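J.: What follows is a single structure, and I will ask about it in a moment.
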Amino acid sequence: MSETTEGKDPDNGWREEYWKRNLRLMAILLAIWFTVSFVFWILLVEQLNQIVIAGFPLGFWFAQQGSIYVFVVLILVYAKRMDRLDIEFGVDERDQNGDRL
Amino acid sequence: MSDIQFWTLIFIFLSFTVYIGIAWRSRVKETAGFYVAGQGIPTVANGAAVAADWMSAASFISMAGLIAFLGYDGAIYLMGWTGGYVLLALLLAPYLRKWGKFTVPEFVGDRYSELVRTIAAGAAILISFTYVVGQMRGGGIVFSRFLNMPVAGGVGVAAAIIFPYAVLGGMKGITWTQVAQYTVLITAYLIPAAAISQTFTSFPIPQITFGQVLDELNALSIEFGLNSYTQPFTERPQLDIFLVTMAVMIGTAGLPHVIIRFYTTKSVRGARYSAFWALLFIALLYSTAPAVGAFAKFNILEGLGGTAVDELPDWVENWEATGLVIINPEADTIESISNRAADGADITVDNDILVLANPEIAGLPAPVVGLVAAGGMAAAMSTAAGLLLVISSSASHDFYFRRIKKGDATEREKLLVGRLAMAGAVVIAVIGGINPPAFVAQVVAFAFGLAASSFFPIIVLGIFWKRCNAKGAAAGMVSGLAFTATYMIWSLYISPGSTVFGISPEGIGTVGALVNFAVAIGVSRATPAPPAQLMEFIEEMRYPAASRRIAPPTADQAPETELGGA
């Protein structure tokens, strides 16, 4: 059945849909990435530094700590959401036993 | 032999034995094993290997010191070097893994043309070489301090260890050794950091506690004629901070020795999770570094400030011997501190020693100092090995077999040439490490700008814009590189110190990347679209499985019998 699905699939609408949803997820995550890395610590730093938590001025904290944590979470969210998307569209990778790779 | 030397020898000997043992167990017999570890590396292990590959002598030894002296603005490195992984994970890694080749130049070669491949292979070798020389040097410095050995001897020992496992095991050997090296380097980094945090604040998690010293640190810094620690934009103007951070981020995502690691996972999904594990492992060190920097600076300012020169603590004398701490002969008491000799301060402390000297400064026992030395070696060697692999694979796979043999070679021959290229790369790296060319220190800092303005735009366009063609990519890459290099050379050599809009040579890579994007898009639009067959290949790259399972979209846990012909 693979012959019928590789590129010659009569209905390739799912491809567009999958790609669109991938791009949308990417856009949201990259918007957060941009906000944390450029807006918070470069443009709004003076305002954020007025707030001090546990000795850290908030702008300084975002620059040297917070942004790193946010980046880790962004990648995890991306991987998890893409896992779900792959299954929904049946393009998740499996070995001969049907276990996810 | 002092206690410190004894423990350094013990830890370095033990850790090296482990590396060699792992390398022997994972030696390879075919080219896929040599170049991409047979694409069989588990996700978490690959993440640890990426982290070790990425965190070089610069991250381990220099970064905390750099942040200590830059203060707030040090975040350009923290953020740039971690934020780049978000771009890598979302824009590059999964797709390049799906494409499934051995090297980065190979992707652009298939996607665009042989010309683009050759340019890319040349750029990959140049960038990796400038990097690897710095690593060899870093390893040599660790040896010379802790074992009282000349730097050249240290470089030789480091190379003698890397040589067998890189040549025998290729990517497979390197990857598994890097997993062990990550463990050594992160332990060596966290233990002293936790101990110092405990001493200062009675709580061992430095990420949480270093806020407590910031107020005093600001006050002390101003007292010593330095900038307030948490004050932004003291070293660079705001626009430049923006551009440098961006250049470091997209440069990180475009560095060939990092990208290549995502070819070694089992699947596209594995590549995504590898990026997550890699950044998590990197974040452990990168979130600790600013705390180490703040504590160390506090310690130095408070411990040395106002002290008479002949009453300085022992560690100052130990490090004076290496030339990395310099006391101004005219000074009686320490009233000013700097990291640049040119400032003429009473005491000059090199960025590089903060992490290495920290256990001594904080009075930790000798075994901890030895462990830190082993950690510094692990960081330098793991990165050097990854870079050597890029050099050898680009030279053998992309130049020799493509351009000279034209694809006509047996498996044995390919493996042999791969190994010979690796051996050659090690020898050149040793020579470079012993006599570093004067330009290396500067070029390493600018390698990011060059990677940002060359690789990143054309790879992203290659994945996300099917219409991008070979002419566009070649023109984009050449103009991005030329623009960036010209500005750097102009600002550094031709008219030193001059800039346009205050953009530093480190930040120009961002503008170079924009030039690359613009030219690639413009030229592609003006020339014919890529062939339909290639368009279909690009389309295929976007979906993880080789073919779609014929199952209704709602059947999340589809039975295994409905598998497609994957």
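J.: At R0 = 45 Å, how high is the FRET efficiency between B:T527 and B:T234 if r is their beta carbon distance? Nearest 0.05 is fine.
T.: Between B:T527 and B:T234 the formula returns 0.40.
J.: Among B:V268, B:I337, B:T288, whose Cα lies farthest out toward the positive end of the dipole of the range B:231-342, if unit charges sit on the beta carbon of Lys, Arg (+1) and Asp, Glu (-1)?
T.: The one lying farthest along the dipole's positive direction is B:V268.
J.: Using a 1.4 angstrom probe on heavy atoms only, work out the carbon and sulfur share of the accessible area of the protein assembly as shown in %.
T.: Working: 15610 of 24660 Å².
Carbon and sulfur: 63 percent of the exposed surface of the protein assembly as shown.
J.: Express in nm, to one decimal, how much length is gained between B:V500 and B:R340 on full extension, taking 0.36 nm for each residue of separation and deducting their alpha carbon distance. Before the final figure, lay out each step's value.
T.: Numbers: separation 160, 0.36 × 160 = 57.60 nm, distance 2.56 nm.
Here the segment from B:V500 to B:R340 would lengthen by 55.0 nm.
J.: Still on this structure, I have one more. Ignoring everything but the protein chains, give the 1.4 Å probe accessible area of A:R81 in square angstrom, nearest 10.
T.: Looks like 120 Å² after rounding.
J.: Rounded to the nearest 10 Å², what accessible area does A:M26 show when all protein chains are kept and the probe is 1.4 Å?
T.: Approximately 20 Å² for this residue.
J.: Report, in listed order, any pair from A:K80/B:K466; A:K80/B:K266; B:K29/B:K414; B:K172/B:K414; B:K29/B:K172; B:K101/B:K172 with a Cα-Cα distance greater than 20 Å. Please list the in-between numbers first.
T.: Values: A:K80/B:K466 26 Å; A:K80/B:K266 17 Å; B:K29/B:K414 11 Å; B:K172/B:K414 16 Å; B:K29/B:K172 11 Å; B:K101/B:K172 16 Å.
Exceeds cut-off: A:K80/B:K466.
J.: Hey, can you list the residues from the range B:225-242 whose accessible area shrinks by 50 Å² or more with all protein chains present, relative to the chain by itself (probe 1.4 Å, no ligands or nucleic acids)?
T.: By number: B:F242.
J.: Hey, can you list the residues from the range B:54-90 whose accessible area shrinks by 40 Å² or more with all protein chains present, relative to the chain by itself (probe 1.4 Å, no ligands or nucleic acids)?
T.: Relative to the lone chain, where solvent access is computed with a 1.4 Å probe, the range B:54-90 loses at least 40 Å² at B:Y72, B:M79, B:V86, B:L90.
J.: Between A:I51 and A:I28, 0.36 nm times their residue separation minus their Cα-Cα distance comes to what?
T.: Numbers: separation 23, 0.36 × 23 = 8.28 nm, distance 2.70 nm.
Contour length minus Cα-Cα distance gives 5.6 nm.
J.: Could you calculate the FRET efficiency of B:D408 with B:F464 from 1/(1 + (r/R0)^6), where r is the beta carbon distance between them and R0 is 45 Å, rounded to 0.05?
T.: After rounding to 0.05, the efficiency reads 0.80.
J.: A:D99 accessible area, nearest 10 Å², 1.4 Å probe?
T.: Looks like 80 Å² after rounding.
J.: How many angstrom separate the Cα center of the range B:49-107 from the Cα center of the range B:363-430?
T.: Between the Cα centres of the range B:49-107 and the range B:363-430 lies a distance of 19 Å.
J.: For A:R94, which sequence-distant residues (separation of 5 or more, or a different chain) have an amide H within less than 5 Å of its own amide H, given hydrogens modelled in the peptide plane?
T.: A:L101
J.: Just to confirm, what accessible area per residue do you get for the protein assembly as shown at 1.4 Å probe, in whole Å²?
T.: About 37 Å² of surface per residue is accessible.
J.: Using a Förster distance of 35 Å, how high is the FRET efficiency between B:L126 and B:N318, based on the Cβ-Cβ distance and rounded to 0.05? Show your work: numbers first, answer last.
T.: Details: r = 38 Å, r/R0 = 1.08.
In this case the efficiency is close to 0.40.
J.: Further question: Over what distance in Å are the Cα centres of the range B:128-203 and the range B:499-523 separated?
T.: Their Cα centres are 35 Å away from one another.
J.: Figure the gain on full extension for B:E311 and B:A331 (residue separation times 0.36 nm, minus the Cα-Cα span) and round it to one decimal in nm.
T.: Length gained, B:E311 through B:A331: 5.9 nm.
J.: Now, a different point. What does the C-alpha gyration tensor say about the overall shape of chain A? Classify as rounded when a/c is under 1.5, otherwise prolate if a/b is larger than b/c, or oblate.
T.: Since a/c reaches 1.5 and a/b is larger than b/c, the shape of chain A is classed as prolate.
J.: Under the classification rounded if a/c is under 1.5, otherwise prolate if a/b is larger than b/c and oblate if not, where does the range B:14-98 fall, given a ≥ b ≥ c as square roots of the Cα gyration tensor eigenvalues?
T.: Details: a/c = 3.78, a/b = 1.47, b/c = 2.56.
Note, shape of the range B:14-98 comes out oblate.
J.: Rounded to the nearest 100 Å², what's the accessible area chains A and B bury against each other, both chains counted, probe 1.4 Å?
T.: Counting both chains, the buried surface is close to 5900 Å².
J.: Kindly identify residues of the range B:248-296 having a loss of at least 50 Å² in accessible area between the isolated chain and the assembly of all protein chains, probe radius 1.4 Å.
T.: With the partner chains in place, the range B:248-296 has these residues losing at least 50 Å²: B:R269, B:R272, B:Y273, B:F276.
J.: Which order do A:R24, B:R111, B:R25 take when ranked by solvent-accessible area (1.4 Å probe, heavy atoms of all protein chains), largest first?
T.: The most accessible residue leads, giving B:R25, A:R24, B:R111.
The values are calculated or read from the model by the stated rules, or taken from the named source; none is laboratory data. If you're wondering where the values come from, they're calculated on a predicted model, not measured in any experiment. All Cβ positions, glycine included, derive from the backbone under ideal geometry; neighbour counts span all protein chains shown. With ligands, DNA and RNA removed, areas are computed over all heavy atoms of the protein, side chains included. Shrake-Rupley method; radii C 1.70, N 1.55, O 1.52, S 1.80 Å.
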